[in-house]
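So the structure is just underneath, and the comments pick up after that.
The values are calculated or read from the model by the stated rules, or taken from the named source; none is laboratory data. Source: prediction; values computed, not measured. No Cβ is skipped: glycine too gets one built from the backbone with ideal geometry, and neighbour counts run over all protein chains shown. The accessibility values were calculated without ligands, DNA or RNA, using every heavy atom of the protein model including side chains. Shrake-Rupley method; radii C 1.70, N 1.55, O 1.52, S 1.80 Å.
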Amino acid sequence: MSGEGDGTVVRRDRFSGGPARSFLSSMDADDRIFAADLAVDRAHVVMLAEQGIVDDGEAAAILGALDDVEDAGFDALPDGEDVHEAIETAVVERVGPVGGKMHTARSRNDEVATCIRCRLREDLLEALDAVLALRGALADVADAEAETVMPGYTHLQPAQPTTVAHWALSYEGTLARDTGRLLDAFDRANQSPLGGAAFAGTTFDVDRERTADLLGFDGVVTNATDAAASRDFLLEAVAALSSVAVTCSGLAEDVVLFANRGFVELSDDYSSTSSIMPQKKNPDTLELVRATAGDAVGAYTSLATTLKGLPRAYNRDLQRATPHAWGAADDMTDAVEVAAGAVATAEWPAEELEAAAGEGFSTATGVADALAAAGMPFRTAHEIVALASEQSETQRASEHASGDSREQGADLDAVDAAAREVTGKPLSELADAEVVAAALDPATNVAQRDSTGGPAPAAVREALADVREEITLDEETVENRESALSAAADDLAAEVATYE
């Protein structure tokens, strides 16, 4: 290595020692951007050669050294404050002072920002693949369980009968919007800051668009200070990842509760048992999925707190910002993959679910709708059904105490009694009793709610067709972005090969 003592090519002797060196170093976390840094170095050197800033021989020597560094791997890098300095030091060790020309017309400020964006693109695409797989699993559940009636809840109280399919598509819809947020985050991250230098540009005749193209970026972050200093793309990405984690946390909570009530049977692959209670089958994996939301939101809060109030242009605080994004991406992607597997392999006991679907007079809203459809003001119908619910609960309690097991008749009688009390007329004079009785049946009640987005099997199948189409379109969008990055990597490799 050129230079004296134990200093690196960046710090030399004066700033290479002291008790704060390890505190300043990000090497422990930089393995994640090792490949990205090599790609950025290669694109920059190719551009420097094309612009005549370095000659072809110098470029060939530097590019050859980068190949050697890649072959040796991250663990073989010399000590340094970060991977960027370590790679440059390794290059200079191999080819001598000419290796120092690699850093011409750039700063570590724009270099690290570019590396982060390169790696973040991969993480976002991996997250998108996981989210799309979960959406597909939910769509498959909806397809298989379109007629599986289940209880629906508000405030964790029985509310209205619904179907497993309708429940599944509710989460698919949220995840579809989460997909859009992740794609938006990808597109804004996919802009190149390279060439912005420290924050004020460079005197060299660099071609920023060329390096952007070689690295697969859609364009450049024009303002050099913005390019080096801004991390809003990280904040947006972590926000999108956090949104997915929150969505999956709700899904996990539902499934944990369903498992507790015997409404779903999770595969053993996504369950565990107790170390002391052998009869237990615990939904542990989904409990961890549920907890991931806290980690992701915490990462967002930590990142936002780090970024708030930072003056322009570059500050070392940013070194502490990036790991929050990496953690959120890893945790969220793992959690989504587990959620998809748990959903795809779960079994839904139709008889138990339908039996529970009518509990707590959950068909009451359907009865009120039936009365309103017969011409009664809805508020009057609401009053009748509220009273019937109260009377029905009292009657069922009495029947339970006496050992009687009457079922729907008690509810219909309660509606008739309530109608007489509220209007002074029997139910038969207000509505078709058979229609009201049908509304008391959970399966019929569900089938009657066939409005757009409703749980009726016909409405669900219509919605499912749109869902499948949207998933396919989003898969194609993600594949196009993945293909674009792969093509850019191939183009860069081809350009590098011309210097061999």
Screening Thr452, Thr498 for residues that are closer than 26 Å to Ala137 by Cβ, out of contact with any Gly (no Cβ under 7 Å at 6 or more places or on another chain) and of a type outside the set (Gly, Ala, Ser) leaves only Thr452
Every residue in the stretch 38-69 that is within 40 Å of the chain's Cα centre (by Cα), modelled with pLDDT of 95 or more, under 17 Å from Thr89 (Cα atoms) and aliphatic (A, V, I, L, M), please. Leu38, Ala39, Val40, Val45, Ile62, Leu63, Ala65, Leu66
Tell me which residues, restricted to the stretch 128-156, are among the acidic types (Asp, Glu) and over 18 Å from Val446 (Cα atoms). Asp129, Asp140
Within the set of pairs 6+ apart or on separate chains, which have a first residue in the stretch 295-306 that is farther than 16 Å from Val336 by Cβ, a second that is open to solvent by less than 30 Å² (accessible area, probe 1.4 Å), and C-beta atoms under 6 Å apart? Tyr300/Val238; Tyr300/Ser242; Leu303/Val238; Leu303/Ala321; Thr306/Ala321
Here are Ala291, Ala321: which of them is open to solvent by 50 Å² or more (accessible area, probe 1.4 Å) and of a type in the set (A, V, I, L, M)? Ala291
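Every residue, every condition in (1) within 30 Å of Thr203 (Cβ to Cβ); (2) in contact with a strand residue (DSSP E or B) (Cβ under 8 Å, 6 or more places away or on another chain); (3) of a type in the set (A, V, I, L, M, F, W, C); (4) buried (at least 21 other Cβ atoms within 10 Å of the Cβ), yes or no:
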site	(1), (2), (3), (4)
Ala113	yes, no, yes, yes
Leu132	no, no, yes, yes
Ala146	no, yes, yes, yes
Leu182	no, no, yes, yes
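Count, please, the residues in the stretch 219-231 that happen to be charged (D, E, K, R) and either under 9 Å from Pro193 (Cβ atoms) or without any contact (Cβ under 8 Å) to a residue 60 or more places away in the chain (or both). Spell out the reasoning first.
Filtering the stretch 219-231 for residues charged (D, E, K, R) gives 226, 231.
Narrowing further to those that are either under 9 Å from Pro193 (Cβ atoms) or without any contact (Cβ under 8 Å) to a residue 60 or more places away in the chain (or both): 226.
Number of matching residues: 1.
Does any residue of the stretch 68-90 turn out to be in a helix (DSSP H, G or I), polar (S, T, N, Q) and open to solvent by 20 Å² or more (accessible area, probe 1.4 Å)? Show your work before the answer.
Of the stretch 68-90, the ones in a helix (DSSP H, G or I) are 68-72, 74-76, 83-90.
Restricting the remaining residues to those that are polar (S, T, N, Q) gives 89.
When the remaining residues are screened for being open to solvent by 20 Å² or more (accessible area, probe 1.4 Å), the result is none.
No, there is no match, as no residue in the stretch 68-90 is in a helix (DSSP H, G or I), polar (S, T, N, Q) and open to solvent by 20 Å² or more (accessible area, probe 1.4 Å).
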Residue satisfying all of: in the stretch 201-252; more than 25 Å from His324 (Cα to Cα) and assigned to a helix (DSSP H, G or I); most open to solvent (accessible area, probe 1.4 Å) among these: Glu209
For the stretch 95-102, indicate whether the set of residues that are open to solvent by 10 Å² or more (accessible area, probe 1.4 Å), under 13 Å from Val40 (Cβ atoms), touching a helix residue (DSSP H, G or I) at 6+ places or on another chain (Cβ under 6 Å) and in a helix (DSSP H, G or I) is non-empty. no
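I'd like to check something: does the stretch 333-351 contain any residue that is of a type in the set (D, E, K, R) and either at pLDDT below 85 or open to solvent by less than 10 Å² (accessible area, probe 1.4 Å) (or both)? Don't jump to the end; show me each part of the working.
To start, the set of residues in the stretch 333-351 that are of a type in the set (D, E, K, R) comprises 334, 337, 347, 351.
Still in the running and either at pLDDT below 85 or open to solvent by less than 10 Å² (accessible area, probe 1.4 Å) (or both): none.
No, because not a single residue in the stretch 333-351 is of a type in the set (D, E, K, R) and either at pLDDT below 85 or open to solvent by less than 10 Å² (accessible area, probe 1.4 Å) (or both).
Just the residues that are aliphatic (A, V, I, L, M) and either at pLDDT below 95 or surrounded by fewer than 21 Cβ atoms within 10 Å (Cβ to Cβ) (or both), please, taken from the stretch 151-164. Lay out the reasoning, then the answer.
Here is the first cut: in the stretch 151-164, the ones aliphatic (A, V, I, L, M) are 156, 159, 164.
Correct list: Leu156, Ala159.
Against the definition (within 28 Å of Thr225 (Cα to Cα) and at pLDDT 95 or above), how does Val83 come out, yes or no?
On the way: within 28 Å of Thr225 (Cα to Cα): yes; at pLDDT 95 or above: no.
For Val83, the condition - within 28 Å of Thr225 (Cα to Cα) and at pLDDT 95 or above - is not met.
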